[in-house]
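Enquirer: Can you keep this structure in mind? I'll have questions shortly.
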Amino acid sequence: MTSTSTHPSALPAATPEARVFVRDGFRWDGQGAYLFDIDGTLLRSRDRIHVDSFASSVRSVMGHELVLDGVILSGNTDPGILRDAFRLAQLDEAHWQPHLANVLETMRRDVLSRRAEMKLVKMPGVDEMLAYLESQGAALGVATGNLESIGWLKIEVLGLRRWFSFGGFSDDYELRSDMIAHAIRQAHRHTSPEVTVCVVGDTPADIAAARANGLPTIAVATGNFTFDQLMEHQPEACATTLAALLGSVRP
C-alpha cells in the first residue's frame, strides 16, 4: 500500500511544482516492461474501505481488536501490515498465523462488497503515460502490496484495467521484494525472459524492492513522499508526477 504505497490515503493539499530527474544513460521510456504500483502511483483513495478491512476482518475471524497505530502502511504489503500489527500488539505468531488465510479471504470479500462505496482518484498523467509506454511497445503490469482481487478491483473501478496484462500481488508474499520477484516472473512469462523490466512506484520501499531484484525504478511523488525524499534513495528517474515525466519528452 503504498501512499500508503499500497494503501489509501488522503489527497495532497496542493499540486507541486513540476520537477523531473533522469539519471544519465537511463532510458526511462525504453524499457520492455513496466511494473506499476497502485496506491499513490496510479491512484489515491478518499475512502477507508481497504484500510478498515484489516481491523474488521481480524475482528470477524479472530475476535481480536486490531490497531494499526504505529504500523507502517506506506510501501508495505497486506500480509506484512497484519504481521507488523500483530507484532506491535505482542501477539504470538502461533496465535495469529493459523488464522491468516481466513483473515485475508475475509478482507477480499469485505472490500469487494463495498465496491460501490469506493472513492478513487486517478493521479495526473496516468492514462497518458500508459498510452505512451504502450505506443513504445512496452508491456504493462502492476506490482502492488495489495491482495490480487483488491488490486484488480481498484484498477477496474478507476477504468484502468484495459492497460494491464499481468500483475504481481502480495497474497503469498509478506516482503515487497519477494512480491516484486513474483511480478518479474509474471512479466517474463507474458513477454520473454530477456525483456528489461522497470518498477514505477511512490515510496522508498518500491525503490529498495526494485534494487533488491536488480531493477531500475521510476519514482513519482504522488504518494506520501516528496520529490526530495524520494531522491535521497537514488532512483534511476524521479518526477513530481507521471504527467511531469511525460512532459519532459514532449514539446
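The values are calculated or read from the model by the stated rules, or taken from the named source; none is laboratory data. The structure presented is a predicted model; accordingly, all values stated were derived computationally and were not measured. Note that we place each Cβ from the backbone using ideal geometry, even for glycine, and neighbour counts take in every protein chain shown. The area values use the complete protein model at the heavy-atom level, side chains included, leaving out ligands, DNA and RNA. Shrake-Rupley method; radii C 1.70, N 1.55, O 1.52, S 1.80 Å.
Enquirer: Sort out which residues of the range 102-120 are surrounded by 16 or more Cβ atoms within 10 Å (Cβ to Cβ) and either within 18 Å of residue 174 (Cα to Cα) or free of Cβ contacts under 8 Å to residues at least 40 places away in the same chain (or both), and write them in order of number.
Expert: Result: 103, 104, 106, 107, 108.
Enquirer: Another question, if that's okay. Of the conditions (1) under 18 Å from residue 103 (Cβ atoms); (2) in contact with a Lys or Arg (Cβ under 9 Å, 6 or more places away or on another chain), residue 169 satisfies every one except a single condition; which number is it?
Expert: Status for residue 169: all satisfied but (2).
Enquirer: Looking at residue 152, is it open to solvent by 10 Å² or more (accessible area, probe 1.4 Å), within 14 Å of the chain's Cα centre (by Cα) and at pLDDT 95 or above?
Expert: yes
Enquirer: Quick one: count up the residues across the range 62-111 that are β-branched (Val, Ile, Thr) and either over 23 Å from the mean Cα position of the chain (by Cα) or more than 22 Å from residue 180 (Cα to Cα) (or both). Can you show your working first?
Expert: Residues of the range 62-111 that are β-branched (Val, Ile, Thr), as a first pass: 67, 71-72, 77, 81, 103, 106, 111.
Imposing the further condition that a residue be either over 23 Å from the mean Cα position of the chain (by Cα) or more than 22 Å from residue 180 (Cα to Cα) (or both) reduces the set to 67, 103, 106, 111.
Counting residues in the range 62-111 that are β-branched (Val, Ile, Thr) and either over 23 Å from the mean Cα position of the chain (by Cα) or more than 22 Å from residue 180 (Cα to Cα) (or both) gives 4.
Enquirer: Of (1) open to solvent by less than 10 Å² (accessible area, probe 1.4 Å); (2) touching a Leu at 6+ places or on another chain (Cβ under 7 Å); (3) more than 17 Å from residue 31 (Cα to Cα), residue 171 satisfies all except one. Which?
Expert: The one condition residue 171 does not meet is (1).
Enquirer: Show the residue pairs that are 6+ apart or on different chains and have beta-carbon atoms under 9 Å apart, the first residue being within the range 141-167 and closer than 18 Å to residue 33 by Cα, the second being open to solvent by 30 Å² or more (accessible area, probe 1.4 Å) and among the small types (Gly, Ala, Ser).
Expert: 141/165; 163/131
Enquirer: Within the set of pairs 6 or more residues apart or between chains, which connect a residue that is more than 17 Å from residue 147 (Cα to Cα) inside the range 178-193 to a residue that is open to solvent by 60 Å² or more (accessible area, probe 1.4 Å) with Cβ atoms less than 7 Å apart?
Expert: Correct list of pairs: 190/165.
Rundown of residues vs (1) among the aromatic types (Phe, Trp, Tyr); (2) open to solvent by 40 Å² or more (accessible area, probe 1.4 Å); (3) under 16 Å from the mean Cα position of the chain (by Cα); (4) at pLDDT 95 or above, yes/no style:
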{"site": "195", "(1), (2), (3), (4)": "no, no, no, yes"}
{"site": "205", "(1), (2), (3), (4)": "no, no, yes, yes"}
{"site": "210", "(1), (2), (3), (4)": "no, no, yes, yes"}
{"site": "216", "(1), (2), (3), (4)": "no, no, yes, yes"}
{"site": "221", "(1), (2), (3), (4)": "no, no, yes, yes"}
{"site": "234", "(1), (2), (3), (4)": "no, yes, no, yes"}
{"site": "242", "(1), (2), (3), (4)": "no, no, yes, yes"}
{"site": "246", "(1), (2), (3), (4)": "no, no, no, yes"}
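Enquirer: If you take just the helices (runs of 4 or more DSSP H) that sit entirely in the range 15-101, which of them hold at least 2 residues that are open to solvent by less than 20 Å² (accessible area, probe 1.4 Å) and in contact (Cβ under 8 Å) with a residue 40 or more places away in the chain?
Expert: Passing ranges, in order: 49-62, 78-88.
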